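Heads up, the thing below is written out as structure tokens.
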Amino acid sequence: MNVGFEKEVGSKPHSIIPYKARTTRKVRQAVAAVGIERKARSVWALRVDGLVAIARPPPKIISKKHKKVMKLDILVFAAHPDDAELSCAGTIYSHVLQGKKVGIVDFTLGELGTRGTPEIRAKEAAASAEILKLSVRENLQFRDGFFKNDEAHQLEVVKAIRKYEPSVILANAITDRHPDHGRAAALVTEACFLSGLKQVKTYDGDEKQLPWRPKAVYHYIQSNYIKPDFIVDVSDAWETKLASIRAFKSQFFDPDSKEPETYISSPAFMEFITARAKEFGHSIGARYGEGFTIERNIGVKNLFNLL
Ligand SMILES: [Zn+2]
């Protein structure tokens, strides 16, 4: 796998220093050999002949349906594996049922979670991807709890957007109990704008990427109540959504688990998820609904297309 040292910091000319490496450990060994400074779990500063470059491991493919990378209709970004399932799996699956291609890019492996391990959560994320019939699921391996909305992270998100060229992007709640959620929301919004700019240069391996701006960014709603701008009827997808949440066995209610109880592992939490969806559904005359907020006004050409 090709790990590019993508950005030089300092006054030296910009260039890509390609580096062949298979795993993060190999990157670590290689950079140690040339005098690397460890900046963060997934970001490395490389010094070669006085130049400093930033490198990070390539995205981890958690699940992939087709060999060839394809254009997606909907790309979902999520700070943690399971954010998408809890907040918008109904919307994802109802669009899959309508023939749309949907993928998820998780930012972190959720390594700060009280229950389970990053390895277990990666397996659970892959199992959920099967249930939701996702076209692809990737993990950018940002640092749970500490990733930033800065240039290095924005460029990683831009790369994912340009790789999949989605029409619609779904992203974390604009504000929430977990600070990663609001930060991820802002990171995606800014990356969507930057992704449309020709002068922001990114590479997929050795290949230069073309600019791409999605038509719309919608933010799902997570723990804290936010009044939605629109609600999707997910009644037909509800059972599949529950199955996708249950795929995260280590995180949610399991009567046989010996792990410590957390905010999300109690039976009350699943009741809350159902209650929220019933409330949103009820308000549009459906059994279950998922709410979203939008950063601009919604326009329609045909009044009869609204539910
Ligand atoms: Zn989360």
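Here is how the numbers come out for the structure above:
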| read-out | value |
| --- | --- |
| Scaled radius of gyration (Cα, divided by 2.2 N^0.38 Å) that segment 151-197 gives | 1.13 |
| For Asn224, distant residues with modelled amide H under 5 Å away | Arg177 |
| Over segment 168-281 - Rg/Rh using Cα atoms and the Kirkwood inverse-distance radius | 1.06 |
| Other-chain or far-sequence residues with amide H under 5 Å of Val105's (modelled H) | Val76, Phe77, Ala78, Glu138 |
| Estimated translational D of segment 203-255 in µm²/s (Stokes, Kirkwood radius over Cα pairs; 4 °C; 1.567 mPa s) | 83 µm²/s |
| Pairwise label distance in nanometres, Leu97 with Leu303, each label 7 Å out on the Cα-Cβ vector | 2.9 nm |
| Links that overshoot a 25 Å alpha carbon limit, given the list Lys71/Lys278; Lys65/Lys241; Lys227/Lys249; Lys148/Lys241 | Lys71/Lys278; Lys227/Lys249; Lys148/Lys241 |
| Segment 59-155: trypsin sites (Lys or Arg not before Pro) in DSSP coil with no more than 12 other Cβ atoms inside 10 Å | Lys67, Lys68 |
| Solvent-accessible surface ranking, highest first, for Asp204, Asp82, Asp236 at 1.4 angstrom | Asp236, Asp204, Asp82 |
| Student exercise, segment 202-296 dipole from Lys, Arg, Asp, Glu Cβ charges, in Debye to nearest 20 | 300 debye |
| Stokes-Einstein D (µm²/s) once Rh is taken as the Kirkwood radius of segment 57-210 over alpha-carbon pairs, at 37 °C in 0.692 mPa s | 212 µm²/s |
| Highest-first arrangement of 86-98, 256-268, where packing means the average Cβ count within 10 Å | 86-98, 256-268 |
| J(HN,Hα) series, segment 287-298, from Karplus relation 6.51 cos²θ - 1.76 cosθ + 1.60, nearest Hz, glycine and proline x | 6, 9, x, 10, x, 9, 10, 10, 8, 9, 6, 8 |
| Area of Phe269 that stays accessible when all protein chains are in place (1.4 Å probe, Å², to 10) | 10 Å² |
| J(HN,Hα) series, segment 83-96, from Karplus relation 6.51 cos²θ - 1.76 cosθ + 1.60, nearest Hz, glycine and proline x | 4, 5, 4, 5, 9, 8, 5, x, 5, 4, 5, 5, 6, 4 |
| Dipole of segment 166-307 [Lys/Arg +1, Asp/Glu -1 at C-beta], most positive-end residue of Val217, Thr274, Gly299 | Gly299 |
| Long-range amide H partners of Ile284 with built H, under 5 Å | none |
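The values are calculated or read from the model by the stated rules, or taken from the named source; none is laboratory data. Note that the coordinates shown come from a computational prediction; the quantities given were computed from them, not determined experimentally. Please note: Cβ atoms are built from the backbone with ideal geometry, for glycine as well, and neighbour counts cover all protein chains shown. Just so you know, the surface numbers come from the protein's heavy atoms only, side chains and all, with ligands and any DNA or RNA stripped out. Shrake-Rupley method; radii C 1.70, N 1.55, O 1.52, S 1.80 Å.
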